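The values are calculated or read from the model by the stated rules, or taken from the named source; none is laboratory data. Every value quoted in this text rests on a predicted model; they were computed, and no experiment measured them. Every residue, glycine as well, gets a Cβ built from its backbone with ideal geometry; the counts of neighbours run over all protein chains shown.
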Ligand code: HEM
């Protein structure tokens, strides 16, 4: 759903410097800039970019959010 494959092999090519389908011209992930990254806005529920992710009643843990934040801030490397 959402036209985006987050599978391990596909996720990077679907995220980093890729235009959002729902919120173009914003990018899904902007290396070094969490606030400009649609994914970060959606997992933190800012409300600026539609539904909070994941939308099925679960939420990411503090540790998972910190991992995503660190990864984006450190340049969103393909590692
Ligand atoms: C932690 C897991 C998830 C993350 C990180 C995530 C991330 C995202 C992102 C970044 C978008 C925007 C895509 C774009 O506009 O290009 C999006 C959209 C969407 N996702 Fe997710 N998602 C997650 C889980 C899920 C799940 C489990 C579902 C369905 C049960 C789902 C359904 C949708 C739908 C329907 C949209 C389009 C509507 C919208 O943007 O608000 N997502 N998701």
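Annotations for the structure displayed:
- Here residue 63 fulfils each of the conditions (1) away from the ligand (no atom under 12 Å from the Cβ); (2) out of contact with any helix residue (DSSP H, G or I) (no Cβ under 6 Å at 6 or more places or on another chain); (3) in contact (Cβ under 8 Å) with a residue 24 or more places away in the chain apart from (3).
- Some residue of the stretch 41-52 being outside any loop (DSSP other than H, G, I, E, B), touching a helix residue (DSSP H, G or I) at 6+ places or on another chain (Cβ under 6 Å) and at pLDDT 95 or above: no
- Residue that is farthest from residue 8 (Cα to Cα), among those in the stretch 24-40 that are part of a helix (DSSP H, G or I) and within 8 Å of the ligand (Cβ to nearest atom): 38
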